[in-house]
1. Enter the angle in degrees (range 0 to 90, nearest 10) between the Cα long axis of helix 64-91 and the first principal axis of the Cα atoms of the chain, meaning the one along which they spread out most.
2. Using 21 Å as the Cα-Cα cut-off, could you pick out the over-long pairs in Lys30/Lys83; Lys28/Lys86; Lys22/Lys76; Lys43/Lys83; Lys43/Lys75?
3. Counting pairs of alpha carbon atoms under 8 Å apart in space and at least six apart in sequence, what relative contact order in percent does the chain give?
4. Taking other Cβ within 10 Å of each residue's Cβ, how do Val69, Val7 sort, fewest first?
Amino acid sequence: MSEERCVMCGDIIPEGRQICQKCEKHFKEKHFKGVDPEKQYRKVQELGAWMFGRYLVSLGILNLRHLEVLMAGMKKSIADGEKIMKIIEDMGVKD
């Protein structure tokens, strides 16, 4: 049975985690310090998509150019979703 490894640095991690605590702390300090929770959520979505894309590249399913195109599409999709949510809020529609 192989050990679970951090997707960022390769250190051994407990089962169920994706990154080690050291990388998690570094990432939070670098990207989330002073950032509102809404933007934090978007950054986590983008990072997750990027890491999954890198995994597919490592398997040979995607190449780096495909990954660049997919990430650009995801960022546009998130921006479009935000525009739609703004329109819905402006209309006064509630959950």
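1. On a 0 to 90 degree scale, this one is about 30.
2. Table pairs above 21 Å Cα-Cα are Lys30/Lys83; Lys28/Lys86; Lys22/Lys76.
3. Relative contact order of the chain: 14 percent.
4. Val69, Val7
FYI, it's all coordinate maths here, none of it is from the lab. These figures come from a predicted structure and were not determined experimentally. We place every Cβ from the backbone using ideal geometry, glycine too, and count neighbours over all the protein chains shown.
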